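What follows is a single structure, written as structure tokens, with notes after it.
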4 protein chains.
Amino acid sequence: MLVELAPHSSDAELASLATRIARHEDVTAWPLRLAGRCFLVVAGDERLVHRVSSAAIRAWHSTAERGYWLVDRANAVLPRRVPLGSGHVGGGDLWCGAGPCALESVSDTVRTATMVRRAGADAVRASLFKVRSGPYHFPGKGRGGLSALAEVRAGGGLPVITEVADPRDVGAVAQVADCLQVDPRNMTNRALLAELGGSGRPVLLMRGVRATVAEWLKAAEYVVSHGNPHVIMCARGVVSFDRSLAYQLDYGAVAAVRRHTDLPVIFDPSHSTGSAAAVAPAALAAAVFGVDGLLIETHPAPERMYRPGDAAQMYPVDRLAALLAACRQVRDLAAGLDAFA
Amino acid sequence: MLVELAPHSSDAELASLATRIARHEDVTAWPLRLAGRCFLVVAGDERLVHRVSSAAIRAWHSTAERGYWLVDRANAVLPRRVPLGSGHVGGGDLWCGAGPCALESVSDTVRTATMVRRAGADAVRASLFKVRSGPYHFPGKGRGGLSALAEVRAGGGLPVITEVADPRDVGAVAQVADCLQVDPRNMTNRALLAELGGSGRPVLLMRGVRATVAEWLKAAEYVVSHGNPHVIMCARGVVSFDRSLAYQLDYGAVAAVRRHTDLPVIFDPSHSTGSAAAVAPAALAAAVFGVDGLLIETHPAPERMYRPGDAAQMYPVDRLAALLAACRQVRDLAAGLDAFA
Amino acid sequence: MLVELAPHSSDAELASLATRIARHEDVTAWPLRLAGRCFLVVAGDERLVHRVSSAAIRAWHSTAERGYWLVDRANAVLPRRVPLGSGHVGGGDLWCGAGPCALESVSDTVRTATMVRRAGADAVRASLFKVRSGPYHFPGKGRGGLSALAEVRAGGGLPVITEVADPRDVGAVAQVADCLQVDPRNMTNRALLAELGGSGRPVLLMRGVRATVAEWLKAAEYVVSHGNPHVIMCARGVVSFDRSLAYQLDYGAVAAVRRHTDLPVIFDPSHSTGSAAAVAPAALAAAVFGVDGLLIETHPAPERMYRPGDAAQMYPVDRLAALLAACRQVRDLAAGLDAFA
Amino acid sequence: MLVELAPHSSDAELASLATRIARHEDVTAWPLRLAGRCFLVVAGDERLVHRVSSAAIRAWHSTAERGYWLVDRANAVLPRRVPLGSGHVGGGDLWCGAGPCALESVSDTVRTATMVRRAGADAVRASLFKVRSGPYHFPGKGRGGLSALAEVRAGGGLPVITEVADPRDVGAVAQVADCLQVDPRNMTNRALLAELGGSGRPVLLMRGVRATVAEWLKAAEYVVSHGNPHVIMCARGVVSFDRSLAYQLDYGAVAAVRRHTDLPVIFDPSHSTGSAAAVAPAALAAAVFGVDGLLIETHPAPERMYRPGDAAQMYPVDRLAALLAACRQVRDLAAGLDAFA
């Protein structure tokens, strides 16, 4: 549950209340300050929580029913914009991140960053850690690649997004990357999410390919409740019984996230379709559904990439600018139609 | 399998060859003339088919692997346009059918037809037969409503689309309706599909909510192989593990159908979303994916409808014209972008 | 909805009440006598039903919420045993139907019937009509095979189960077959289900491979509400995201059906697994879950069957007796353990 | 890929070859000794691997196609029995682990251990770490509970199984627990799996509720390739479109795992059904499918548990012995029937 306290409660007050509320050994409580408000996050069976009296306590918010509260738009705790580099995601403009999945060649990636920047992208994505289904795939350069990532960042002139998969890497990676991405397969990795809560970097949280929207929101709540209000929700398709495209395009989930939360929601037309030819319509359709941004796989020379499967979904860099312009146009058109009124 | 004959083979030749090829009692063969070409459709284990010699035989097309051949674009048997009323579906313009699901009040439906015609729709939908999951729902007016349907047709000034669910009704309904719709739950109703093959009316074939694209194409093949090349494929969402909208929007299937076949494919943003508020983005996104048309539920007074659930997804008639204009605009924009190149 | 009347209401009373209740043109009502009780089945929006007063009316049962009432165990309308041939399904013993899917060779099928009878089976299955996904497969001998079916029945010494797929065939087939089977793809074929309601033969209702238990129960309600209380529910696996076996084994649905209804529920270990090697464990597991019977594909010479895919799932006839004995043993053992207490 | 070397290659040889093979910075290689055989595990794009010549190299095993090799039965690398405590899982007898999900009260858990030991269980399960979907649930006692776990182990007289979710906890927990469990939500947590590969403890690897069998096997390969051959596969149901029970019972996956690998496979009838009443049939059916063991939730006083949802699936301790006896009986019966022949 969440205990809301008077906005200007001191650290000492928080600590003292946390101790009293979490008197039972199977209850934990920690402070959380968000949007000028002051909370204690309480983990444990609600029946064991000591409901102490205190003039500082404004409300006891039960989380038993839905499992999330902080990310709920109704509670107005989160900002509508997530800062990323010198810009932000959400709150109006259509943001764009672009680049390869994994950081392979540094020079290729610097060149990608330069090209996507000129095409209007706001960030480059290049991961040092990749979650692979088996142990034999290239797992990314790992921590040893941090200097390469710094080179990309400096050379490309764009903030960098990189994936992180192990809680032990979060601290070091957060020193270099501007945004930390969570793979669909780590959406329920509690230890990682908790660590990201303390990372001080915005988190790009991909939906699990078989996760419900409620599970996705609870994963976001995990990060926020551990101290980080800057979560970007990234839809990227879900598994279906029929694979016309790599995944079913989850625009309904985009609409649902927008209804439930103020967190920005972006769409990945590359992984969701698995096909360069389908990236444009998938991106346009996402724009129609009002996404706050797009995350597009692109590479100037896909044939040099390690995995041929990835290469098949690279959108040509030289067409990115036109695609983004069209996306902005249809997004405005849909908004003008008052599509969701 | 399909046996292709010389284009100008006579009926007598066909009958004679059919008898010789289907000599085994568990093999059946019947003639099919399509696009100036001449076929024998052969149903039965390919090992039992008598591969007779004849100067008239051009080719033996095996259907063992995929189960369809006639609807395959590669074989160029089907027209790109399906005639419907005095117009057609497919081949360029964005077609629109609109109206309620079931024909309830005649006067309301005539009014709907008039309004959607003014908004630019090409046909009105009003069904006499509804497939219901249980026996207690209003199943439609049935054959007793044929005169009501004729009234809607005359009064509304638009061709009418009506559902048919029982092979015994096809003949009578085809006398009045301009287009016969197959419900998702009847997509695998072989007796119905075969009868529709002889109906002389275009068939609007809805995808089963849990059917694969291959199963959907095989259902179309059913109709075509029984003599009717005029099938309109209608995507309307599929069941998923998560219900942010009523169904998962199956744009990937739209793309797949366009890739595999020349049959026009349309989208139903009403049943697929189950929510009036989501109809506009769902329709726009379908336009982006290049659909040939839209089938939109609308009613001037949803509160009078029998099922409140249906009422919740009625798009306001007075906004239909603007929606169609926007859909045409984004469709052109996507095409200009060479989205599927 | 269902209107329950005094048990001995006359036909004239029923007809008169039906007329008064269904005064609105979009409401239909028909009489139903079951288990010594007397009902009017009313189809249509409940708001349009005329709630007339009559001393004969015992209760108005709403069906709005769940869509079924007659099959609900709580209402005790249905018998626990369905008569089939000179025996019955349900109510204690483990019933077994066995045989090929389609009737192909008469002599092979008579031989199968003789063999499965000796192994302890209660009925032979051999279908004249097969629902095929495409038009090119052998669709069964059709009506022309009725005499062949009669031969199998006479020669094999067992009641015969045959599939029916077109409402126009029900009457003729019911003259010969002892039990009429509904394919998963026809589970929602309303016209067929209604016709089966008047067939006077027990109906073996297969679950759609993607149907929910509620949809399945509503399909049974369809048959029962049209006059036929003798429905045998047949679980046969459902589609899943992973195909270790042909289908996911739906034992949970078996348990659910047993909880909700008195209708007997049987299991098809052949279609659900698609593999002869998995038939035995799948059948044993079904027995553990307390099924009332098994429907097992078997054929003395699978290599002669038309479809190699079907051949792969034929259980060896000579092992059937041992399998049934084992199934009875584990079923008793599970019952003794009070498994569902 | 995997490089197989002469069985008695020295550490120095392995290190030297690893360096030469993984000369490219995006390739990594490490030694692995299993079953008296000697391998180098190579992670990275196979095109970048330096295929050096060496007399010590016996074979280059490509893993590109399926993603696993070590767990493949055909390669005979793994033992059929996994040691656990002083006993083992697999290779003949039916093993049983029982106990609550989370370690809550120490005295209750010691009592549980004592009771399940008397009932014939081989291990007690009590977790210090629980993966929760949201941050507000009791996440387990964590590392602070290690002494409590040691108490349970000493007091109950059984080896203990405990979950681990964070790679940083693996070392400390492996000091106390006899077996480390991986939650379905961590099945794709690469960092955790790699760490477990070096833990020296058997790993109980639960299938993700939406994971394919291939993904599950690749997770096992992860652990094995990092040095630990002792993986117990635990099936526990998968998500389906219909929830008659909590999950679809994945017996097909049990059969598939047994076909593909020598790793023992057990079944969890408690989480898969979510209902105490369904535990017995689910366990018996698992036995019929030849599982090597069962993992059963039980607690002497479910009403004291923190989560009422968990309490609903606790099997009564006093009926465990009878259930295990029945499971052994049906397992033998199925084996005698040569069910999978």
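Tabulated values for the structure
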item	result
Residue among A:F241, A:F129, A:F39 with the largest mean-square fluctuation in a Gaussian network model of chain A, springs linking Cα atoms under 10 Å	A:F241
Label distances, nm, B:A301 versus same residue in remaining copies, Cβ-directed 7 Å point	6.5, 7.0, 7.1
Gaussian network model of chain B, springs between alpha carbon atoms under 10 Å - residue of B:N186, B:N228, B:N75 with greatest fluctuation	B:N75
Carbon/sulfur fraction of accessible area - chain C, other protein chains in place, 1.4 Å, %	50
Charge tally in the Cβ shell below 13 Å around B:E46, where Lys, Arg are +1 and Asp, Glu are -1, B:E46 excluded	0
Antiparallel DSSP beta bridges within the protein assembly as shown, as percent of all bridges there, nearest 5	40
Solvent-accessible area per residue, Å², over segment A:14-104 with all protein chains present [probe radius 1.4 Å]	44
P(r) weight above 61 Å for the protein assembly as shown, C-alpha pairs, percent	15
Mean accessible surface per residue for segment B:123-252, computed with a 1.4 Å probe while every protein chain stays in place, in Å²	23
Other protein chain Cβ atoms within 10 Å, averaged over every residue that makes up C:277-283	6
Contact surface B-A: accessible area buried, both sides summed, square angstrom, 1.4 angstrom probe	3100
Members of segment A:212-235 that become less accessible by 50 Å² or more once partner protein chains are added (1.4 angstrom probe, chain alone as reference)	A:Y222
Segment B:82-336: C-alpha gyration tensor shape, a/c 1.5 cut-off, then a/b vs b/c	rounded
Neighbour net charge for A:C234 - beta-carbon separation under 13 angstrom, K R +1, D E -1	-3
Position A:P83, label points 7 Å along Cα→Cβ, spacing to each other copy in nm (shortest first, one decimal)	5.6, 6.8, 8.2
Euclidean distance of C-alpha centroids, segment B:226-280 and segment D:93-108, integer Å	49
Of A:D242, A:D250, A:D318, the one that fluctuates the most in a GNM where chain A has Cα springs shorter than 10 Å	A:D242
Computed [θ] at 222 nm, deg cm²/dmol, chain B (DSSP H ≥ 4; -39,500 (n - 2.57); rounded to nearest 500)	-9500 deg cm²/dmol
Nearest-ten-degree value, helix D:276-288 long axis tilted from longest Cα axis of chain D	40
Across the identical copies, how the D:G155 labels are spaced - nm, sorted shortest first, 7 Å along Cα→Cβ	6.1, 7.3, 8.0
Net charge contributed by nearby residues that have their C-beta within less than 10 Å of D:G90 (K/R +1, D/E -1)	-1
Where rotation carries A onto C, the chain A residue whose Cβ is nearest that axis, in whole Å	A:F241, 3
Number of Lys pairs (Cα under 18 Å; 8 or more positions apart or on different chains) in the protein assembly as shown	8
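The values are calculated or read from the model by the stated rules, or taken from the named source; none is laboratory data. Everything quoted here is computed from the prediction, not taken from an experiment. Note: ideal-geometry Cβ built from the backbone for every residue, glycine included; neighbour counts use all protein chains shown. Keep in mind that these areas ignore ligands, DNA and RNA; they rest on the heavy atoms of the full protein, side chains included. Shrake-Rupley method; radii C 1.70, N 1.55, O 1.52, S 1.80 Å.
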